[in-house]
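Below: the structure, in structure tokens.
The values are calculated or read from the model by the stated rules, or taken from the named source; none is laboratory data. Please read all numbers here as calculations on a predicted model, not as lab measurements. As a convention, Cβ positions derive from the backbone with ideal geometry for all residues, glycine included, and neighbour counts pool all protein chains shown. Quick note on the areas: whole protein, heavy atoms, side chains included, nothing else; ligands and nucleic acids left out. Shrake-Rupley method; radii C 1.70, N 1.55, O 1.52, S 1.80 Å.
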2 protein chains.
Amino acid sequence: MSESGGQAQNPARVRAFEGVLARIEERIAADGLTVGDRLPGERQLAEQLGVSRSSVREALRVLESLGVVSSQVGRGPDAGAVLTSRPGSALTGLLRLHLGLATLSMREVVDTRLMIEQWSAEHAARSRTGLESMAQALAAMDAARSPEEFVEHDIAFHAAIAEASGNRLTSAIMQALRGAVQRFAIDAVVRLGDTGDLQADHRRIYGAIRDGDAATAMEAITVHLERAYPPSAGRLG
Amino acid sequence: MSESGGQAQNPARVRAFEGVLARIEERIAADGLTVGDRLPGERQLAEQLGVSRSSVREALRVLESLGVVSSQVGRGPDAGAVLTSRPGSALTGLLRLHLGLATLSMREVVDTRLMIEQWSAEHAARSRTGLESMAQALAAMDAARSPEEFVEHDIAFHAAIAEASGNRLTSAIMQALRGAVQRFAIDAVVRLGDTGDLQADHRRIYGAIRDGDAATAMEAITVHLERAYPPSAGRLG
DNA sequence: ATGGATGTATGGTCTGACCATATTTGGTCT
DNA sequence: AGACCAAATATGGTCAGACCATACATCCAT
């Protein structure tokens, strides 16, 4: 550390913050860090890695955008950069941006969602778990008095199916897809005018999962999503 | 804008770089910016948005990590922050980190990949496109003289199927999943000792897609992936 | 014990500087 | 006029040092 001048100003083939990213990843693997653990403070990290605090911050911003850390100001056990796990929110941001850039069309997102929901329903039927959450959401939808309220619990119902599949990755992807198309959900409910058909779908899906009938569960969720987002229905992308 | 002092040092409910992010997103939507367009320089952006260059840079790092922009140094038409579209690489990084954090298990990734490949094969069979790329990869695998070489073209084969599905989102997700499990692919080839069975699978998949037989394509790819990544096969996660 | 004032570590932001890179520009030589 | 080389310039990359806002930790007086 007895550099005379200071800033290393090297070729910088890899940018400083990329090095920081790599080092932090190594550290997570080597030290077996996991969700809830804290990273050293920005200043300390900068010193340890021999870079400026700005570079450390850029790396932390990347980790944050990827849903891996979360920064808290102040002091105490919860302050600083804490390892978290929010793959869903990261995916949501990613989708929103790429939709904005027209890299992806809404149709592609909706189709992908159909794929995930079919898969989730099938696996949920096999595991037959999470039935309680589904039933609760079902009842809440019955009691809903506005499209907004209905959609809120509708989201919970579908989330319960995804969770019941037992796969956190597909569940996270579905969360993200859901977030990306959410603004269309209320429109869909309003367009249909009545939620009776949707609720009938929901009950059919629920019943099939409860009975362990994977084929029916898949078919029912397909019908349901095509009702809400008709393949040819207007302006989705 | 006749602020006396300088740095606004406000409550900062939303951090400065988040504001920049929002403004850039607005700008993309409003100006209809698309892939290939350039963003203003960091210094100019900072002045326009009334924040420091550091904050602009943090926002750009986020956009870069999400695969939306790409920065080039130097001068000229290609220099600066250019809008790009690399949802795949963004997803790859996201998965790698979450796998490292044990947020996700390898089994979940492999299962998700199976879902995507099934779906892709089915849709590829319906569209019957991309056959040329598949055939090329097939021939290249025949000629491969090492596991590494074989896997390289195997990746190309599966990527061709994903592309043929016509859905850029599922294709991007599969790319990412592929990258996450890639290190196991060579192991799998070595373990099997012979690539004959794998190639037979490939030809069966190719034939089904060529003939537009969606059901067989799905079934064939399921068999294929279970051969390479047996559900009960050792240490995947 | 309790409660408030003070200390302090942490992230958030800004300023201004310099480096590395690559194009643009302009001048010089042939 | 054309080709070639040098200087100017614009851009991202990095650093150093400062100050603010926040929230817990500590200490002291009651």
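The relative contact order of the stretch A:52-207 comes to 23 percent, based on Cα pairs under 8 Å that sit 6 or more residues apart.
Shown here is the pair-distance distribution of the stretch A:16-83: with all Cα-Cα distances grouped in 10 Å bins from zero up to the longest one, the shares run 22, 60, 18 percent. Rounded to the nearest 20, the Cβ-based charge dipole of the protein assembly as shown about its Cα centre (Lys and Arg +1, Asp and Glu -1) stands at 1080 debye. Note on A:E132: accessible area is roughly 140 Å² with a 1.4 Å probe, heavy atoms of protein only.
When the helices of chain B are scored as -39500 (n - 2.57) per DSSP H run of n ≥ 4 and the total is divided over every residue, the value at 222 nm lands at -22000 deg cm²/dmol.
Placing a label point 7 Å from Cα along the Cα-to-Cβ direction at B:E226 gives distances to the equivalent points in the other copies of 2.7 nm, listed shortest first. The charge dipole of the stretch B:57-195, taken about the Cα centre with unit charges on the Cβ atoms of Lys, Arg (+1) and Asp, Glu (-1), comes to about 480 debye, rounded to the nearest 20. Charging the Cβ of each Asp and Glu at -1 and of each Lys and Arg at +1, and nothing else, the dipole of chain B about its Cα centre rounds to 600 debye.
Computed from label points 7 Å out along Cα-Cβ, the spacing between B:S133 and A:T129 is 3.7 nm.
Heavy atoms only, probe 1.4 Å: what % of the accessible area of chain A goes to carbon and sulfur, would you let me know? The value for chain A is 49 percent carbon and sulfur by accessible area.
For chain A, count all C-alpha to C-alpha pairs, find those more than 34 Å apart, and express that count as a whole percent of the total. Summing the P(r) of chain A above 34 Å gives 34 percent of all pairs. Starting from a Cα-only point model with no solvent, please compute log10 I(q)/I(0) by Debye for the stretch B:114-237 at q = 0.14, 0.17, 0.19 1/Å. Debye output, listed in q order: -0.53, -0.80, -1.02.
Cα-based values for the protein assembly as shown, radius of gyration first and Dmax second, are 24.1, 76 Å.
With the biggest extent put first, the Cα atoms of the stretch A:86-129 measure 39, 25, 7 Å across the principal axes. Placing a label point 7 Å from Cα along the Cα-to-Cβ axis, B:D213 is separated from the same position in the other copies by 3.1 nm, shortest listed first. Buried surface between chains B and A: roughly 4200 Å² of accessible area, summed over both sides, computed with a 1.4 Å probe on protein heavy atoms only.
Peptide B:92-99 shows a mean partner chain C-beta count of 6 within 10 Å per residue C-beta. The relative contact order of the stretch A:16-83, computed from alpha carbon pairs under 8 Å that lie at least 6 residues apart in sequence, is 37 percent.
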